[in-house]
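Engineer: Pasting a structure below so you can have a look.
Bear in mind that the values in this text are calculations on the coordinates, not laboratory data. Not measured: the values here are computed from a predicted model. Please note: Cβ atoms are built from the backbone with ideal geometry, for glycine as well, and neighbour counts cover all protein chains shown.
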Number of protein chains: 2
Amino acid sequence: MRVPRQVVEARRSRLTELLLERGYLPISELCEELGVSEATARRDLSALESEERITRTYGGALGEFNATFTSFRERLRHGTEAKAGIARAAAALVKPGMQVYLDAGTTAFAIAQELRRHLPERLTIITNNLALLETLGSLPGAKTIVLGGQLLERQSVLLGNEAVKAAAAQEIDLAFLSAQGMTDTGLWNSQRDIIRLQQAVMKRATRSCFCLDRSKLGRTAPEHLGAWTRVGTLISDLSFPELRQAGITLKPGTLLNSQP
Amino acid sequence: MRVPRQVVEARRSRLTELLLERGYLPISELCEELGVSEATARRDLSALESEERITRTYGGALGEFNATFTSFRERLRHGTEAKAGIARAAAALVKPGMQVYLDAGTTAFAIAQELRRHLPERLTIITNNLALLETLGSLPGAKTIVLGGQLLERQSVLLGNEAVKAAAAQEIDLAFLSAQGMTDTGLWNSQRDIIRLQQAVMKRATRSCFCLDRSKLGRTAPEHLGAWTRVGTLISDLSFPELRQAGITLKPGTLLNSQP
DNA sequence: CCCTATATGATTGAAGTCAATCATTTGCTG
DNA sequence: CAGCAAATGATTGACTTCAATCATATAGGG
């Protein structure tokens, strides 16, 4: 029997809520919970899936919860092998007892995963990248500090004045930072707030490492982050000659080449 | 053919990693990814499931990622109807343009879900409860601020000096707080760090609402949070006479009764 | 070096899932 | 109020998943 449109919509949003809360539900439980037949539950699922509000699986469905986090993982997965190499080179710099800052971005995610594999003792990790917390929260023996800030819509980063202020109060041995582009005039990033935070971190960090793979070469972004003179270390899959060809000449010892 | 124990273990931990990264994977992809037959993949899955390192589903498996968050959801689900009533009463106090603080705990989670349903305009939400961010991050038109702090192992809360300092710099119209127990001598909570943060928040909040359901009545906890004189509003499913019977006498207007 | 316990892949039957189809009921529009 | 469009539940057959069983190969202990 036909039922008011509004009832259908209500049921479907209840379904998304349920999945959001529970993460995963098999069809059978969905039917019971919603009080509808299997056929209707399936119809709801395929409707919601085409709106990309949920993800169907064989036998049930997943909530599109932490859409930001999962898209993060997606991006990382499509990220080149280069990123994994950079992460390895970066993680190798981390020694026991250090206080390490990890930036926003997927490179930091890769570094965190690498650190999970080979975890130095008494590590303190400082970050504003919420996507890392699932990875870092369960590390035994490591301390994780989150700088505060405003949650960026559709992203999993905290930014703003709170973040800058909190960064200025930290002691950082080693900061891993990333950027969206590099040219002969320096590094570029998309948002002013990100740059402000990065600059605050660099001021407090004994050593600042920028991690950029070759896809960033020659690209710019709306905001200028800083000149090459401010870069302590560059970790990249690019070689010295390749960089010079693009007009970038680094002081010796600045470039750290990652293995592929 | 039999294979070294170490190989099996390596494959299984790779499997957990994969699920951790991708959230969900169907059996077929697992076989391909691990290079084993379906039978072996299933055996791995049931082994890991019995160790509670993953969750099996019909047709695949879920990573036990953000175990903290999911256990959060579990707890919330088992939470009584009372909690939902309290959340409704709490959310009704929130008016457009307010800056609202949400505490750690599942009650705050329930309030956040309620706010998502009926979202006042220009809302600012301040919290240290990371479990809320999935819910609050996608709210259009609302601003979410996270106080910094140290990530508590096996929980999704940020605490410590950073948190207290950040709280002291906030302007809060309405704070929703919870506690683990209430007796005639006041409110109780488990950890000193939580209490320090709550006290800092109360100092900055125009109005502080404590949300406690009847299961908390008569219970204590290791640390004393404060006397009843410091409670601005109590939202509960308990009635005035019930409280008085337990030796708790509130000033008129302090108790806000939630509908069941 | 031998023996056994263990890991693996293939097979199989039972059980579960899915999309399509159809009849029925009922909201909504003209 | 009449007719159409939409929503629902039941049914069906194709397909998938699952656990159990079995044969085989080999790691690891004595």
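Engineer: Work the Kirkwood hydrodynamic radius out for region A:182-260: mean of 1/r over every pair of different alpha-carbon atoms, inverted, in Å.
Structural biologist: Roughly 12.9 Å, rounded to one decimal.
Engineer: Could you tell me the calculated FRET efficiency between B:A168 and A:Q199, based on Cβ-Cβ distance and R0 = 35 angstrom, to the nearest 0.05?
Structural biologist: The formula returns an efficiency of 0.90 here.
Engineer: Continuing with this model, one more query. Say R0 is 51 Å: what FRET efficiency, to the nearest 0.05, do A:R56 and B:D184 get from their beta-carbon distance?
Structural biologist: The formula returns an efficiency of 0.45 here.
Engineer: Using packing as a proxy for protection, rank B:247-258, A:126-137 so that the peptide with the highest average count of other Cβ atoms within 10 Å comes first.
Structural biologist: In decreasing order of mean packing, B:247-258, A:126-137 become A:126-137, B:247-258.
Engineer: For chain B, just list the percent of Cα-Cα distances falling in each 10 Å bin from zero outward, please.
Structural biologist: 7, 27, 28, 18, 13, 7, 2, 0
Engineer: From largest to smallest, what semi-axes in whole angstrom does the protein assembly as shown give when each is the square root of 5 times an eigenvalue of its alpha carbon gyration tensor?
Structural biologist: One finds semi-axes of 41, 31, 22 Å for the protein assembly as shown.
Engineer: Report, for A:R14, each distance to the same residue's label point in the other copies, shortest first and in nm; define the point 7 Å along Cα→Cβ.
Structural biologist: 4.5
Engineer: Between Rg and the Kirkwood Rh of region B:95-148, both from Cα atoms, what is the Rg to Rh ratio?
Structural biologist: When Rh is taken as the Kirkwood radius, the ratio is 0.91.
Engineer: Given H placed on each backbone N at 1.01 Å, which residues far from B:L177 in sequence or on other chains put an amide H within less than 5 Å of it?
Structural biologist: Placed amide hydrogens put B:C209, B:F210, B:C211 under 5 Å from B:L177.
Engineer: Counting only other chains, and only Cβ atoms inside 10 Å, what mean value do you get across the residues of B:139-152?
Structural biologist: Whole-number average of other-chain Cβ neighbours for B:139-152 is 6.
Engineer: Viscosity 1.567 mPa s, temperature 4 °C: give me the Stokes-Einstein translational D for region A:5-65 in µm²/s, with Rh taken as the Kirkwood radius over C-alpha pairs.
Structural biologist: Estimated diffusion coefficient is 118 µm²/s.
Engineer: I would also like to ask the following. For B:L136, what charge total do you get from the other residues with a beta carbon under 10 Å from its beta carbon, if Lys and Arg give +1 and Asp and Glu give -1?
Structural biologist: Residues near B:L136 contribute +1 overall.
Engineer: Under a plain spin-label model, where a point goes 7 Å from the Cα along Cα-to-Cβ, how far apart in nm are B:T80 and B:R117?
Structural biologist: Label-label distance for B:T80 and B:R117, simple model: 1.9 nm.
Engineer: Same structure again: Roughly what % antiparallel, to the nearest 5, for the DSSP beta bridges in the protein assembly as shown?
Structural biologist: Bridges in the protein assembly as shown that DSSP calls antiparallel: roughly 45 percent.
Engineer: Just tell me which lysines come within less than 23 Å, Cα to Cα, of A:K203; anything on the same chain fewer than 8 places away is out.
Structural biologist: A:K95, A:K143, A:K165, A:K251, B:K165
Engineer: Follow-up question, since we're still on this one. Distances from A:G141 to the same position in the other copies: list them in nm, one decimal, shortest first, using label points 7 Å from Cα along Cα→Cβ.
Structural biologist: 5.1
Engineer: Could you give, in nm with one decimal, how far B:P241 is from each other copy of that position, shortest first, with labels 7 Å out from Cα toward Cβ?
Structural biologist: Going from nearest to farthest copy, the values are 9.2 nm.
Engineer: Which chain A residue comes nearest the axis with its C-beta when you rotate A onto B, and by how many angstrom?
Structural biologist: Checking which Cβ lies nearest the axis yields A:G148, 2.
Engineer: Averaged over peptide A:165-172, how many Cβ atoms belonging to another chain are found within 10 Å of each residue's Cβ?
Structural biologist: If you average over the peptide's residues, the count of other-chain Cβ atoms is 2.
Engineer: Suppose R0 equals 60 Å. What FRET efficiency, 1/(1 + (r/R0)^6) with r the Cβ-Cβ distance, do A:E17 and A:T229 give to the nearest 0.05?
Structural biologist: For A:E17 and A:T229, the calculated efficiency is 0.70.
Engineer: Another question, then. Which whole-number percentage describes the relative contact order of region B:119-175, with Cα contacts under 8 Å and a sequence gap of 6 or more?
Structural biologist: 31 percent
Engineer: Where q = 0.12, 0.13, 0.22 Å⁻¹, what log10 of I(q)/I(0) comes from the Debye formula for region B:107-188, counting one point per Cα?
Structural biologist: For region B:107-188 at q = 0.12, 0.13, 0.22 Å⁻¹, log10 I(q)/I(0) is -0.40, -0.47, -1.18.
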